[in-house]
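The values are calculated or read from the model by the stated rules, or taken from the named source; none is laboratory data. Please read these numbers as outputs of a predicted model, since none were measured by experiment. Every residue, glycine among them, receives a Cβ derived from its backbone with ideal geometry; neighbour counts consider all protein chains shown. Areas reflect the complete protein model, heavy atoms only, side chains present, ligands, DNA and RNA absent. Shrake-Rupley method; radii C 1.70, N 1.55, O 1.52, S 1.80 Å.
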Amino acid sequence: MMTQPRSAKIALAVLVIGAGVGLALTTLAGPALAQSIPPGATPPVAASGATVEGLEADGRITAVDAAARTIRLENGVEYLMPGNLAFDWSAIREGSVVKLRYSIDEGRNLIRAVQVLFR
(Lines give C-alpha, C1' and ligand atoms only; values in the text may rest on other atoms or scores of the structure.)
Protein backbone atom coordinates (compact mmCIF):
# COMPACT_ATOMS: atom_id res chain seq x y z
CA MET A 1 0.00 0.00 0.00
CA MET A 2 1.33 3.38 -0.98
CA THR A 3 0.79 6.34 1.33
CA GLN A 4 0.41 9.93 0.25
CA PRO A 5 2.59 12.60 1.80
CA ARG A 6 0.91 14.66 4.52
CA SER A 7 0.88 17.84 2.36
CA ALA A 8 -1.05 16.02 -0.38
CA LYS A 9 -3.66 14.83 2.15
CA ILE A 10 -4.10 18.38 3.50
CA ALA A 11 -4.44 19.81 -0.02
CA LEU A 12 -7.07 17.18 -0.86
CA ALA A 13 -8.99 17.95 2.35
CA VAL A 14 -8.96 21.70 1.58
CA LEU A 15 -10.15 21.01 -1.96
CA VAL A 16 -13.05 18.86 -0.74
CA ILE A 17 -14.05 21.40 1.92
CA GLY A 18 -13.74 24.27 -0.58
CA ALA A 19 -15.96 22.46 -3.08
CA GLY A 20 -18.56 21.89 -0.37
CA VAL A 21 -18.57 25.56 0.60
CA GLY A 22 -18.83 26.57 -3.06
CA LEU A 23 -21.79 24.23 -3.52
CA ALA A 24 -23.46 25.63 -0.41
CA LEU A 25 -22.95 29.21 -1.60
CA THR A 26 -24.28 28.38 -5.05
CA THR A 27 -27.35 26.77 -3.52
CA LEU A 28 -27.96 29.76 -1.25
CA ALA A 29 -27.47 32.28 -4.05
CA GLY A 30 -29.84 30.47 -6.44
CA PRO A 31 -33.04 32.43 -5.66
CA ALA A 32 -31.17 35.75 -5.67
CA LEU A 33 -29.75 35.02 -9.11
CA ALA A 34 -33.22 34.16 -10.40
CA GLN A 35 -34.28 37.75 -9.67
CA SER A 36 -31.57 39.26 -11.85
CA ILE A 37 -32.27 41.78 -14.61
CA PRO A 38 -33.21 40.11 -17.92
CA PRO A 39 -30.85 40.61 -20.88
CA GLY A 40 -31.47 43.87 -22.72
CA ALA A 41 -33.41 45.45 -19.84
CA THR A 42 -32.25 48.69 -18.28
CA PRO A 43 -31.37 48.23 -14.61
CA PRO A 44 -33.16 50.58 -12.23
CA VAL A 45 -31.23 53.52 -10.85
CA ALA A 46 -31.24 53.88 -7.08
CA ALA A 47 -32.04 57.45 -6.22
CA SER A 48 -29.96 59.27 -3.66
CA GLY A 49 -32.23 61.99 -2.33
CA ALA A 50 -33.97 64.30 -4.79
CA THR A 51 -30.99 64.40 -7.19
CA VAL A 52 -29.04 61.67 -8.98
CA GLU A 53 -25.86 62.82 -10.72
CA GLY A 54 -23.48 61.34 -13.28
CA LEU A 55 -25.87 59.43 -15.54
CA GLU A 56 -25.30 58.82 -19.24
CA ALA A 57 -27.51 57.94 -22.17
CA ASP A 58 -26.76 57.57 -25.84
CA GLY A 59 -28.83 56.94 -28.91
CA ARG A 60 -30.61 58.39 -31.89
CA ILE A 61 -32.70 61.52 -31.40
CA THR A 62 -36.37 61.00 -32.27
CA ALA A 63 -37.65 64.50 -31.35
CA VAL A 64 -36.16 67.95 -30.80
CA ASP A 65 -38.14 70.86 -29.36
CA ALA A 66 -35.89 73.91 -29.09
CA ALA A 67 -38.72 76.07 -27.70
CA ALA A 68 -39.32 73.63 -24.83
CA ARG A 69 -35.54 72.88 -24.70
CA THR A 70 -36.13 69.10 -24.87
CA ILE A 71 -34.54 66.17 -26.68
CA ARG A 72 -36.18 62.74 -26.89
CA LEU A 73 -34.04 59.71 -27.64
CA GLU A 74 -35.05 56.40 -29.22
CA ASN A 75 -35.29 54.96 -25.69
CA GLY A 76 -38.46 57.06 -25.33
CA VAL A 77 -37.01 59.23 -22.57
CA GLU A 78 -37.18 63.03 -22.77
CA TYR A 79 -34.22 65.11 -21.58
CA LEU A 80 -34.40 68.81 -20.68
CA MET A 81 -31.69 71.32 -21.54
CA PRO A 82 -31.47 73.79 -18.62
CA GLY A 83 -31.69 77.47 -19.55
CA ASN A 84 -28.28 78.18 -18.02
CA LEU A 85 -26.54 75.71 -20.37
CA ALA A 86 -25.47 77.33 -23.65
CA PHE A 87 -26.26 75.04 -26.57
CA ASP A 88 -26.28 75.41 -30.36
CA TRP A 89 -29.56 73.76 -31.34
CA SER A 90 -28.53 73.77 -35.02
CA ALA A 91 -25.87 71.14 -34.13
CA ILE A 92 -28.53 68.43 -33.74
CA ARG A 93 -31.68 67.24 -35.47
CA GLU A 94 -33.94 64.20 -35.52
CA GLY A 95 -31.80 61.23 -36.49
CA SER A 96 -28.60 62.60 -34.93
CA VAL A 97 -26.81 60.19 -32.62
CA VAL A 98 -25.74 61.74 -29.33
CA LYS A 99 -24.27 60.88 -25.97
CA LEU A 100 -25.81 62.78 -23.06
CA ARG A 101 -24.54 63.28 -19.54
CA TYR A 102 -27.47 64.14 -17.33
CA SER A 103 -28.82 64.16 -13.82
CA ILE A 104 -32.25 63.54 -12.41
CA ASP A 105 -33.57 66.43 -10.37
CA GLU A 106 -37.10 66.25 -8.98
CA GLY A 107 -38.06 63.73 -11.66
CA ARG A 108 -36.64 65.73 -14.58
CA ASN A 109 -33.75 64.47 -16.74
CA LEU A 110 -31.51 67.54 -16.86
CA ILE A 111 -28.82 67.52 -19.53
CA ARG A 112 -25.33 68.46 -18.30
CA ALA A 113 -23.40 67.81 -21.52
CA VAL A 114 -24.12 66.75 -25.12
CA GLN A 115 -21.69 65.01 -27.43
CA VAL A 116 -22.84 64.65 -31.05
CA LEU A 117 -21.57 61.30 -32.33
CA PHE A 118 -23.24 61.38 -35.74
CA ARG A 119 -25.12 64.23 -37.30
* Computed label-point distance, nm, for sites Glu106 and Ala63 using a 7 Å Cα→Cβ extension -> 2.2 nm
* **Heavy-atom surface of the stretch 44-119, accessible at 1.4 Å and reported per residue (Å²)** => 60 Å²
* To do: Could I have the simple spin-label model distance between Arg72 and Glu56, label points 7 Å from Cα toward Cβ, reported in nm to one decimal?
  => 2.6 nm
* So what are the ³J(HN,Hα) numbers for the stretch 83-91, from phi and the Karplus equation (6.51, -1.76, 1.60; θ = phi - 60°), rounded to whole Hz, Gly and Pro as x? -> x, 7, 9, 5, 8, 8, 5, 6, 6
